[in-house]
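Before any comments, here is the structure.
The values are calculated or read from the model by the stated rules, or taken from the named source; none is laboratory data. Values in this document were obtained by computation on a predicted structure and should not be read as measured data. Every residue, glycine among them, receives a Cβ derived from its backbone with ideal geometry; neighbour counts consider all protein chains shown. Accessible surface areas use protein heavy atoms only, side chains included; no ligands, DNA or RNA. Shrake-Rupley method; radii C 1.70, N 1.55, O 1.52, S 1.80 Å.
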Amino acid sequence: MNRRKRIGVLTPSSNTALEPLTSAMLNSLPGVSAHFSRFTVTEISMRDQSLNQFDDSKILEAARLLADAHVDVICWSGTSASWLGFERDRQLCARITEATGIPATTSVLALNNILAAQGATTLGLVSPYVEDVQHKIMDNYRGIGIECVAERHLGITVNFQFGEVEPDTLRGMLREAAAARPQAMTVMCTNLHAAQLVPELERELGIPIYDSVATVVWQALKTVGIEPSELRGWGRLFQEVA
């Protein structure tokens with residue numbers, strides 16, 4: 001009998017979206033389960049108070065708790081490296097693996113792998129963030145050769161409030177960003193209820209949409225040896241990106 005695959009997920013404390021979405025995705029895969037550990041994140045801005053929430057020591061403490069559950073991979077289901085710099089996530093993954101012996105990945109590193117695999121050089125960016133955070137994200141993607149040709153953001157700083165954004169608001173933002181015809185679009189935040197909207201909007205808009213909750217699930221499945229294509233009903237990512 002094959003052993004269960006356990007996916008460990010690091011979660012911002014005020015996030016109400018990623019846990020139910022991640023569990024809903026994985027519920028369709030027999031023998032795969034998600035397990036969560038939280039650390040404090042309540043605000044997203046460029047203020048020092050906000051930036052300090054992503055100190056590695058706090059995240060590592062949560063990762064060690066997941067290790068107690070003998071998970072097969074530890075995933076940071078968060079997007080902080082999109083504005084703090086991609087190297088932050090690479091260093092975090094290395095430190096998690098050093099501390100626990102378990103491979104690690106993140107939503108942002110997964111997204112970058114997906115964009116590279118698809119050869120995407122233009123991106124539509126949708127987020128709930130404030131303008132200076134959004135511009136840092138755009139700058140970081142420009143630095144790896146990906147131009148954000150359209151963006152929409154909501155100007156919210158309170159992380160809990162991201163999870164209260166209505167689906168029709170997200171639909172409208174994605175439609176507006178799609179008008180520039182980017183090669184791909186992303187919903188950059190794991191506390192938006194967007195992943196379940198992806199299949200309908202991909203059919204409508206004809207552009208692949210990579211949601212931050214979905215990207216880390218895709219990478220986690222690859223890491224534990226499960227073909228992402230086994231997961232159906234959550235968009236083109238799982239069927240088209242090898």
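The residue that is surrounded by the fewest Cβ atoms within 10 Å (Cβ to Cβ), counting only those in the stretch 62-83 that are small (Gly, Ala, Ser) and touching a Phe, Trp or Tyr at 6+ places or on another chain (Cβ under 9 Å), is ALA62.
The set of residues in the stretch 89-119 that are charged (D, E, K, R) and surrounded by fewer than 17 Cβ atoms within 10 Å (Cβ to Cβ) comprises ARG90, ARG95, GLU98.
All conditions in (1) within 16 Å of THR186 (Cα to Cα); (2) touching a residue at least 12 places away in the same chain (Cβ under 8 Å); (3) open to solvent by 50 Å² or more (accessible area, probe 1.4 Å); (4) of a type in the set (Asp, Glu) hold for GLU151, with the sole exception of (3). Could you list all residues from the stretch 157-172 that are within 18 Å of the chain's Cα centre (by Cα) and open to solvent by less than 40 Å² (accessible area, probe 1.4 Å)? Once the filter is applied, which keeps residues that are within 18 Å of the chain's Cα centre (by Cα) and open to solvent by less than 40 Å² (accessible area, probe 1.4 Å), the stretch 157-172 yields ASN159, PHE162, GLY163, VAL165, LEU170.
A count restricted to the stretch 105-146 and to residues that are farther than 24 Å from PHE162 by Cβ, of a type in the set (A, V, I, L, M) and either touching a Ser or Thr at 6+ places or on another chain (Cβ under 6 Å) or free of Cβ contacts under 8 Å to residues at least 12 places away in the same chain (or both) stands at 1. Residues of the stretch 13-61 that are open to solvent by 20 Å² or more (accessible area, probe 1.4 Å), at pLDDT below 95, among the hydrophobic types (A, V, I, L, M, F, W, C) and touching a Leu at 6+ places or on another chain (Cβ under 8 Å): LEU51 alone. Hey, among the residues in the stretch 195-234 that are free of Cβ contacts under 8 Å to residues at least 40 places away in the same chain and in a loop (DSSP other than H, G, I, E, B), which one's farthest from PHE36 (Cα to Cα)? Among residues in the stretch 195-234 that are free of Cβ contacts under 8 Å to residues at least 40 places away in the same chain and in a loop (DSSP other than H, G, I, E, B), the one farthest from PHE36 (Cα to Cα) is GLY206.
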